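Student: Mind looking over this structure? Questions follow.
What follows is calculated from the coordinates using simple rules that are stated; it is not laboratory data. Nothing here was measured: the structure is a model prediction, and the numbers come from that model. Reconstructed Cβ throughout: ideal geometry from the backbone, glycine too, with neighbour counts over all protein chains shown.
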Amino acid sequence: MISCIILFIHTLELKHLCPSEMKFICLTLLIMCGITDSRSEQYEVVGPVDPVFAVAGEDVILPCSVKPNINVVDMRVEWFRPDLKNSLVYLYEDHDDRNAEQTESYRGRTKLNHQELQRGDASLKLSSVQVSDEGRYKCFIQSKSWYDEATVDVSVEAVGRPPVITVDGFDDSGALHLQCESEAWNPEPDLEWLDSEGAILSSETAETHRNTEGFSVKHSITVHHSVGKIHCRVKLRNHKLETLIITSNKRFNPWRTSIILISAVVLLIVIAGMLIAAFFKKHRKINNEKRTIKQEHDQLQKEKGRIQEECDLLQDEISTIQQEYDEWNRRIKQEFSSEHDQREKEKSRIKPGEFILY
């Protein structure tokens with residue numbers, strides 16, 4: 001309708017047209033806008049009036065349908081979150097799921113009943129609800145001739161972890177500082193301190209942080225006198241988690257605390273001194289062993305050198321004996337050869353029937 005009004009205003013600004021042409025164009029625009037409005041007002045995408053409440057870890061249905069009921073199997077159904085940059089939660093188009101660009105945190109957790117689309121029901125099932133699922137959703141349905149959308153607000157409730165009480169130390173007066181912290185709540189819970197009689201104690205400091213798991217709360221308190229049991233209670237609607245700590249029945253004594261701290265420091269110094277002395281003793285022992293090993297190594301090196309010299313002398317003697325043996329063998333062979341040649345000559349001079357005596 002707004003687009004038709006804008007076109008109508010622009011048409012009125014066309015001053016160069018004659019009155020008859022102007023009337024014809026305006027009449028045509030009014031007829032077209034009337035037809036479009038009648039067709040667009042014929043169907044409406046509706047969602048819940050109130051926010052949808054979900055519990056973290058469970059499944060939830062986000063209602064969305066066309067009124068009056070028509071078959072939307074051939075239409076485009078898109079669920080998205082307008083408050084997110086990558087906002088696609090679920091897309092149905094051309095008779096199939098088209099979730100290639102689906103937001104990573106929703107992968108495997110969304111489902112559309114295709115059979116219900118025949119009755120105009122495009123409700124989305126969201127499984128294993130997370131705190132980060134809280135927010136505003138849009139259900140957009142589009143056909144070839146019209147489109148519309150509905151808004152669904154989702155509120156997620158998460159029961160956090162049991163509160164943890166920690167002792168944060170003592171002050172100069174001996175008073176005890178306590179902290180209580182609990183995480184993963186949604187929405188923000190109430191944290192309170194109580195004494196053994198159930199009376200509420202005032203917190204000195206209170207901190208609240210929020211992350212993807214939900215809210216974390218941390219309160220601190222100082223105990224100046226004996227109160228027996230101290231309770232830390234975290235509440236959210238009908239849910240309640242509580243932790244207690246039992247304090248001493250005696251007033252905290254700063255002198256006793258100082259004596260304990262001084263004794264602990266002295267004990268640590270003594271232990272450190274013993275450890276240092278043991279370290280240096282061990283270090284000296286290791287150095288002595290290294291020195292002994294080095295001396296033995298040097299002695300072995302000297303012995304090795306002496307043995308090597310003796311081996312060299314023996315090798316020289318063996319070489320000399322080998323040379324003398326070779327020379328003696330050569331002379332023997334030479335004398336034997338000369339004597340053999342002499343005998344051969346004498347044999348050649350003997351006449352038949354003669355012989356030589358040696």
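Student: Working only within the stretch 150-162, note down all residues that are crowded, with 17+ Cβ neighbours inside 10 Å and either more than 31 Å from the chain's Cα centre (by Cα) or among the hydroxyl-bearing types (Ser, Thr, Tyr) (or both). Quick ask: steps written out before the conclusion?
Tutor: Of the residues in the stretch 150-162, the ones crowded, with 17+ Cβ neighbours inside 10 Å are 150, 152, 154, 156-160.
Answer for the stretch 150-162, where residues must be crowded, with 17+ Cβ neighbours inside 10 Å and either more than 31 Å from the chain's Cα centre (by Cα) or among the hydroxyl-bearing types (Ser, Thr, Tyr) (or both): Ala150, Val152.
So that you can scan it fast, the table gives a plain yes or no per residue for (1) over 21 Å from Thr243 (Cβ atoms); (2) without any contact (Cβ under 8 Å) to a residue 12 or more places away in the chain; (3) not in a strand (DSSP E or B):
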site	(1), (2), (3)
Lys111	yes, no, no
Ser128	yes, no, yes
Arg136	yes, no, no
Lys144	yes, yes, yes
Ala150	yes, no, no
Gly169	no, yes, no
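Student: Looking at (1) touching a residue at least 24 places away in the same chain (Cβ under 8 Å); (2) farther than 22 Å from Ser145 by Cα; (3) among the β-branched types (Val, Ile, Thr), can you tell me which one Ile70 breaks?
Tutor: All conditions pass for Ile70, except number (2).
Student: Working only within the stretch 64-86, note down all residues that are among the acidic types (Asp, Glu) and either over 18 Å from Thr103 (Cβ atoms) or part of a strand (DSSP E or B) (or both). Give the derivation first.
Tutor: Going through the stretch 64-86, the residues among the acidic types (Asp, Glu) turn out to be 74, 78, 83.
Those that are among the acidic types (Asp, Glu) and either over 18 Å from Thr103 (Cβ atoms) or part of a strand (DSSP E or B) (or both): Asp74, Glu78.
Student: Okay, next question. Can you tell me which residue within the stretch 152-167, out of those that are assigned to a strand (DSSP E or B) and in contact with an Asp or Glu (Cβ under 7 Å, 6 or more places away or on another chain), is farthest from His239 (Cα to Cα)? Don't jump to the end; show me each part of the working.
Tutor: Going residue by residue through the stretch 152-167, those that are assigned to a strand (DSSP E or B) are 152-158, 164-167.
The next check asks that each one be in contact with an Asp or Glu (Cβ under 7 Å, 6 or more places away or on another chain); those that pass are 154-156, 164.
Numbers: Val154: 20, Ser155: 16, Val156: 14, Val164: 17 Å.
Of everything passing the filter in the stretch 152-167, Val154 is farthest from His239 (Cα to Cα).
Student: When the stretch 200-218 is examined, which residues are found to be farther than 28 Å from Gly135 by Cβ and either basic (Lys, Arg) or part of a strand (DSSP E or B) (or both)? First the steps, then the outcome.
Tutor: Within the stretch 200-218, the first condition is being farther than 28 Å from Gly135 by Cβ, and the residues that meet it are 200-205.
Passing the criteria: Ile200, Leu201, Thr205.
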